[in-house]
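Report on the structure given below.
A short reminder: the numbers here are calculations on the coordinates, not readings from a lab. Owing to the predicted nature of the structure, the values given are computational and were not obtained by experimental measurement. Every residue, glycine as well, gets a Cβ built from its backbone with ideal geometry; the counts of neighbours run over all protein chains shown.
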Amino acid sequence: MRFLITISLIFVFNFNINAQRNNKNPNIESYIEQYKDIAVKEMLTHGIPASITLAQGILESSYGSSYLAQNSKNHFGIKCKTEWTGLRFYKIDEEGKSCYRKYTSVFESYEDHSLFLKSKPWYKPLFKLEVTDYKAWAYGLKKAGYATNPNYPSMLISIIKRYELHKYDNVEYISEL
């Protein structure tokens, strides 16, 4: 009898763990569905892995639900800096009142993210990496200074793995579009 109870508990425990592992946020899945084709287009145009772009969009904008994303369509947290001549959105953050780039569409935010990475010399080494090497890109973004959080690479990698975003970096997926 104890044996049957033990086996039953092990089964239930393993079932619960597997269910938790496969538990995906439907809001994130919706975000991916909505923006995956834009990310792939940007990858083909600029050479940035679609998985990285999507993971950054998910992380930086709380899958499109953050205050910044809702009010400025800025899905990557890109600040104005001196060279920005477009629309501006001001928000209080850890640095005080900060100027963020404001866009007329999310597509524009994705496109500017690509142009931003391509235009900065400190991101140039990333473009020598394979477009399918999302892990190297995640660590490279951190090394180049994209984010201050020391866990940024592992956060991106976790999102990519959990939602299988790496499939959007592959030619097999692209040929299905």
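Annotation: amide H-H contacts under 5 Å for Arg88 (H modelled 1.01 Å from N, sequence separation of 5 or more, or interchain): Lys102.
Farthest towards the positive end of the charge dipole of the stretch 22-82, among the residues Ala50, Ala69, Ser30, is the Cα of Ala69, using unit charges on the Cβ of Lys, Arg, Asp and Glu. Of the trypsin sites (Lys or Arg not before Pro) in the stretch 58-125, the ones in a loop by DSSP (not H, G, I, E or B) with at most 12 other beta carbons within 10 Å are Lys81.
I'd like the distance separating the alpha-carbon centroids of the stretch 19-68 and the stretch 73-127, in whole Å. Rounded to whole Å, the Cα centres lie 17 Å apart.
Take each peptide in 123-133, 23-33, 44-54, count the other Cβ atoms within 10 Å of every residue, and average; sorted highest first, the result is 44-54, 123-133, 23-33.
Amide H contacts of Ser98: Lys91, Ile92, Asp93, each under 5 Å away and 5 or more positions distant or on a separate chain (H built 1.01 Å from N in the peptide plane; Pro and chain starts excluded).
List the lysines whose Cα sits under 30 Å from the Cα of Lys97, skipping any in the same chain fewer than 8 residues away. Within reach: Lys73, Lys79, Lys81, Lys118, Lys120, Lys124, Lys142, Lys143.
Footprinting exposure proxy ranking of Met155, Met43, fewest other C-beta atoms within 10 angstrom first, gives Met155, Met43.
Across the stretch 46-52, rounded Karplus estimates of 3J(HN,Hα) from the backbone phi angles (6.51 cos²θ - 1.76 cosθ + 1.60, θ = phi - 60°) give 10, x, 9, x, 4, 4, 5 Hz, Gly and Pro being marked x. Using all pairs of distinct alpha-carbon atoms, the Kirkwood hydrodynamic radius of the stretch 35-177 works out to 15.3 angstrom.
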